[in-house]
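Student: Attaching a single structure in structure tokens format; questions to follow.
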Amino acid sequence: MKKVLIAFLLCSNAALAQTIAYPKNYFISPMDVPLDLSGNFGELRPNHFHTGIDITTHNVEGVAVKAVADGYVSRIRIGPWGYGRVLYVTHPNGFTTVYGHLSRFNSTLSAYSKTNQYAEKNFEIDFTLLSTQFPVKQGEIIAYSGNTGSSGGPHLHFEIRDAKTEEALNPLLFGFPVKDNVAPVAVTLVIIPGDNSATINGVNALKKIALKQSGSSYVFANAAESITVFGKVGFAIEAYDKETNPTGKNGVYGIRLTCDGQTIYSHHLDRMPFDKSRFINCFINYEENEKHNRFYQQSFLLPNNQLPVYDTTVNNGYCFFPTDMLHR
């Protein structure tokens, strides 16, 4: 049997966000409140990745929401589900910002929306607008925060999208002042047979191992736990990240798996096409999620996985242990 020592690198949103070449200091904060996040980009949700950041207003509605840069209101949408009352602002630098779960728009946009609701004889409206209709300046109040649509409490859902491709981009790559000096937390390690001949501790079955923190690292919660493997094996991990001002268990920005010093797998969450978001069900272990509502992030690729988030996938992220030796 082949013994294995496990080493994952979990990346917080703050740790890597400053390495990507996205424009910094172009956008201002959308609200004059601390940017405490109750949800971050790429966070794991049922059947989709979260495509923005959720800025908590600490159970208060009606906080003024500002245009983060010059541009124009390019879309107005009102509905009972999803983002509820939402505005889209397109900017001249090629990005569109999205402001969701709003309680109301400013007086000009409210009047326009109400007129169209009466004209359509429908509460639900979805209008695309011309660049000349509602231009806005950076810092101009365009709406007020709320709890409309599929929202679990007062907050602002804020997105940045590529205006050409409509892909959602990680707002934390743009230099927003989110305080984050807290490392990610590892909860559970999962080892998964890659085929019918692979074994973990002598059996062809998934193995879960609870983890606990030891200094700056994590070890098996059961110190007597021993792992032996044979053949093609995949790894998964349950982990989350928090910011300095904790408001919830948010997602990790990236994961890297090494085997004997070689990077076998790595991903980071910079952008997400909406038509690929449902592939989250092969990014996580779907069976465990359905049975136990646990999000085990797999560091290997299943067939037809079309997510564009992977940096390195040697052997599709699987490790092979054919010889009798200790592996790190």
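Student: Among Thr115, Val219, Asn304, whose Cα lies farthest out toward the positive end of the dipole of the chain, if unit charges sit on the beta carbon of Lys, Arg (+1) and Asp, Glu (-1)?
Tutor: Comparing the listed Cα positions along the dipole, Val219 ranks first.
Student: Okay, next question. Among Thr199, Leu257, Gly234, which residue has its Cα positioned farthest towards the positive end of the charge dipole of region 160-258, with +1 placed on the Cβ of Lys and Arg, -1 on the Cβ of Asp and Glu, and the dipole taken about the Cα centre?
Tutor: About the Cα centre, the residue reaching furthest to the positive side is Thr199.
Student: Please compute, for the alpha-carbon atoms of the chain, the extent along each of the three principal axes and give them in descending order in Å.
Tutor: Per principal axis, max minus min of the Cα coordinates gives 73, 38, 33 Å.
Student: Report, in degrees rounded to the nearest 10, the 0 to 90 angle that the Cα long axis of helix 107-120 makes with the longest principal axis of the chain.
Tutor: Helix 107-120 and the main axis of the chain meet at about 90 degrees.
Student: Just the accessible area per residue of region 221-328, please: how many Å² with a 1.4 Å probe?
Tutor: 46
Student: Hey, another quick one. Suppose every Lys and Arg Cβ carries +1 and every Asp and Glu Cβ carries -1, with no other charges. What dipole size does the chain come out with about its Cα centre, to the nearest 20 debye?
Tutor: 160
Student: Do the sum for the chain: with -39,500 (n - 2.57) for every DSSP H run of n ≥ 4, divided by all residues, what is the mean residue ellipticity at 222 nm, to the nearest 500 deg cm²/dmol?
Tutor: Using -39500 (n - 2.57) per qualifying helix, the result is -2500 deg cm²/dmol.
Student: Return a single number: how many Lys pairs in region 118-246, at a sequence separation of 8 or more or on separate chains, have alpha-carbon atoms below 19 angstrom apart.
Tutor: Total qualifying Lys-Lys pairs in region 118-246 comes to 4.
Student: When the Karplus curve 6.51 cos²θ - 1.76 cosθ + 1.60 is applied with θ = phi - 60°, which whole-Hz ³J(HN,Hα) does each residue of region 175-181 get, with x for Gly and Pro?
Tutor: Values, residue by residue: x, 5, x, 8, 6, 8, 10 Hz.
Student: Then there's this: If the elastic network links every pair of Cα atoms under 10 Å, which of Thr51, Thr115, Thr199 fluctuates the most in the Gaussian network model of the chain?
Tutor: Thr115
Student: Just read off the accessible area of Ile284 with the full protein assembly in place, 1.4 Å probe, to the nearest 10 Å².
Tutor: Roll a 1.4 Å probe over it and Ile284 shows about 0 Å².
Student: Also: Jot down the radius of gyration and Dmax of region 121-276, Cα atoms only, both in angstrom.
Tutor: Every Cα atom of region 121-276 included, Rg and Dmax give 22.4, 68 Å.
Student: For a test of the definition: using alpha carbon positions, the gyration tensor, and the 1.5 limit on a/c, classify region 167-251 as rounded, prolate or oblate.
Tutor: oblate
Student: Using a 1.4 Å probe on the protein heavy atoms only, what accessible surface does Met272 show? Give it in Å² to the nearest 10.
Tutor: Taking all protein chains as shown, Met272 has close to 0 Å².
The values are calculated or read from the model by the stated rules, or taken from the named source; none is laboratory data. Computed from a predicted structure; not experimentally measured. Reconstructed Cβ throughout: ideal geometry from the backbone, glycine too, with neighbour counts over all protein chains shown. Quick note on the areas: whole protein, heavy atoms, side chains included, nothing else; ligands and nucleic acids left out. Shrake-Rupley method; radii C 1.70, N 1.55, O 1.52, S 1.80 Å.
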